[in-house]
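Scroll down for the structure; my scribbles are underneath it.
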Amino acid sequence: MEPEGSTEGHAANLAQSAASKLSQMSERTKQLVVQDPERQKRIILVIVCTALLLDNMLYMVIVPIIPDYLEGLQNAADRAQAALPHTNSTNSTVHKLPKGNFDLQIGVLFASKAILQLLVNPLSGTFIDRVGYDIPLFIGLNVMFLSTLIFAFAENYATLFLARSMQGLGSAFADTSGIALIADRYTEETERSKALGIALAFISFGSLVAPPFGGVLYEFAGKRVPFLILAVICLVDGILCLTVLKPFSNRERENMPVGTPIYKLMIDPYIAVVAGALTICNIPLAFLEPTIANWMEDTMHASQWEIGMTWFPAFFPHVLGVYLTVKLAAKYPHLQWFYGAIGMVFIGASSCTVPACKNFGELMIPLCGICFGIAFVDTALLPTLGFLVDVRHVSVYGSVYAIADISYCVAYALGPVAAGQIVHDLGFVQLNLGMGLANVLYAPALLLLKNVTKMKPSYSERNMLLEDGPTGLYDTIKMEQREKKRKGLCTTIDENGIETFAQRSHSEEESSGGEYA
């Protein structure tokens, strides 16, 4: 009995020792992450960029897959119906769709993601402001994972529509919280521009590489494989988010300031101008994606591989545009509005020249110009939204980047539904001229942002000290610094010294208000 008891005791000691070592390792890892904020920011950037890459790949991967797959289902249903010649057609649940109705179904399926995302974004932005950025990002990744699995195993239009709509729900949480998390962690303007530029490069890569990725795998491996690959990557990113960000154990959100309501941000004239620019600049891309394939077949008799590779070369000028804008913004940060205006002119000129192209090689030039211009606009104006919230509102970014997401969704919800009808009624040339003209005419509106960089956050500090107490991240930090300074003076200086400090603080506030005015 004694040896057996001693063996059990020895095993218990080993287990206790192993648990203690694991706990120590976990604590050291946690301390390492906390003590190295740069490493933590880089990990967060990887998680967010992976989520954005997945979302945009899932958005575009269905372009070469779903129309052909649905057509195959319809043909199979037609053959099954033809094999039963004596069956009363009124009792059959399968009917052949006219070509127009089939195209409309495809358009509605493609647009359903952006439409649901557009409807959910005002709610998701407010939710993010209330609970922080980690939980909505984790929720969004989970919903995207489920929608990708449903895509893989869907075998009818209704299930595909459900999966596409679920993707919009997941994107409303993951995209908005991801971009807001980057803006929150990268507080210095140059760093923020660079981090958001990297995120935009991943968005572009996902959108442009997904159609050839999906088309090749669909051709050689079947419908399920591309979706299952994306689902695995999404699962890994979700696990990384859960283990690194620890969304359900993070207590920082308890001290999170109350953000400005989204309706107040929408009526801010500076934010409204930025949102309008983001919508207008993305309309050419959103309207050309569903219409350019048919136009290429009709005018230049393009082959299927040319149609599939139409947008892929545009990835490289998009990355170049992001890189140039980040470098220019670091050197001349007061010209962000100008970079956005230049981008809109680029988009307008390129859009107007698309109908003049006679072959695949010529068409690459204006399409690359459109993506180059979009890179300029997005990379210049997304950090501007964060800066506007810092200096004019409360430094909580969920709602303002929900507005940015709404701006994108307006363009991509209208594109698949309205573009084909416009081409049918007015023509492809008129569509491109209208989109180009809209971009060129809107560019001067960005002049309103010319003096944005001269605004000082000291105005919100003055309000915080004189009126309502700390409401934003900037205000809270400044208030804590002043409180620490005040306590330090109280312990070392007599009563007269305290009075002198109070008078100096008051004079600083007056000077801050004067500087802002």
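The values are calculated or read from the model by the stated rules, or taken from the named source; none is laboratory data. Model, not experiment: these values are computed from the prediction. Cβ atoms come from the backbone with ideal geometry, glycine included; neighbour counts cover every protein chain shown. In case anyone asks, the SASA skips ligands and DNA or RNA and just uses the protein heavy atoms, side chains included. Shrake-Rupley method; radii C 1.70, N 1.55, O 1.52, S 1.80 Å.
Some observations on this one:
- Square roots of five times the Cα gyration tensor eigenvalues for the range 307-452, Å: 29, 18, 14
- Using θ = phi - 60° in the Karplus curve 6.51 cos²θ - 1.76 cosθ + 1.60, the 3J(HN,Hα) couplings for the range 370-383 round to 4, 5, 5, x, 4, 4, 4, 5, 5, 5, 7, 8, 5, x Hz; x is entered for Gly and Pro.
- In this structure Leu242 has an accessible area near 80 Å², from a 1.4 Å probe over the protein heavy atoms.
- Counted charge near Thr325, where neighbours are those whose Cβ lies closer than 14 Å (Asp, Glu -1; Lys, Arg +1): +2
- The candidates Lys358, Lys194, Lys264, arranged from most to least accessible area with a 1.4 Å probe in the full protein assembly, appear as Lys358, Lys194, Lys264.
- Rg to Rh, two decimals, where the range 154-206 supplies the alpha carbon set and Rh follows Kirkwood: 1.20
- Net charge of neighbours whose Cβ lies under 12 Å from the Cβ of Ala111, counting Lys and Arg as +1 and Asp and Glu as -1: +1
- Probing with 1.4 Å while keeping every protein chain in the model, the per residue accessible area of the range 342-405 equals 23 Å².
- From phi via Karplus (6.51, -1.76, 1.60), per-residue ³J(HN,Hα) for the range 348-358 in Hz, x at Gly/Pro: x, 5, 5, 4, 5, 8, 4, x, 7, 6, 10
- Across the cross-link table entries Lys194/Lys246; Lys113/Lys358; Lys194/Lys454; Lys113/Lys246; Lys246/Lys327; Lys113/Lys450, which are compared at the Cα atoms, the separations over 23 Å belong to Lys194/Lys246; Lys113/Lys358; Lys113/Lys246; Lys246/Lys327; Lys113/Lys450.
- Solvent-accessible area of Trp311, all protein chains in place: 30 Å² (probe radius 1.4 Å, heavy atoms, ligands and nucleic acids excluded).
- Proximal charge balance of Asn56 [Cβ under 12 Å; K/R count +1, D/E count -1]: -1
- For the range 283-296, backbone phi angles converted through the Karplus equation (6.51, -1.76, 1.60; θ = phi - 60°) give residue-by-residue couplings of 4, x, 5, 5, 8, 7, 4, x, 10, 6, 5, 4, 5, 5 Hz, Gly and Pro being listed as x.
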